[in-house]
1. Under a Cβ-Cβ cut-off of 15 Å, what is the net charge of the residues other than residue 22 that fall near it, where Lys and Arg count +1 and Asp and Glu count -1?
2. Spelling out what I want: for every residue of segment 99-104, take phi, set θ = phi - 60°, compute 6.51 cos²θ - 1.76 cosθ + 1.60 (Karplus), and round to whole Hz; glycine and proline get x.
Amino acid sequence: MAGAKKKKRTRKKRQNIILPQEQISEVEAKFSIAIQEAIALRNETFGAENQYSIDELADYFTNTSNELKNRILPLEKRRYVIYLRKSTDDEAKQVRSIDDQRDECSELANRL
């Protein structure tokens, strides 16, 4: 079966379907309720001290200003992760061992 040709699948052409205004309104209402529930869950989970507008969060992720980053997420509340990776199964081809990576990352974390 290695030389057998694969059958080409015929794809259905996409069709644009315009929904009636009633269905659009229904979806918008469900979406609005879902957003309100998500905001309530966020408030319950994180409390009032972490509430920021979407514009503030967008500015945070796009702005490189350290002042804004420190205001939204102070240094004492930041958390970091050390990611170690083994890129090959063959030990002879492995350039850096996991232990070497861990040591270097820990040293960098302590230094910074």
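Coordinate-derived values only; no laboratory data. What you are looking at is a predicted structure, and each value in this text was computed from that prediction instead of being measured. Every residue, glycine among them, receives a Cβ derived from its backbone with ideal geometry; neighbour counts consider all protein chains shown.
1. -1
2. Per-residue couplings from phi come out as 4, 4, 4, 4, 4, 5 Hz.
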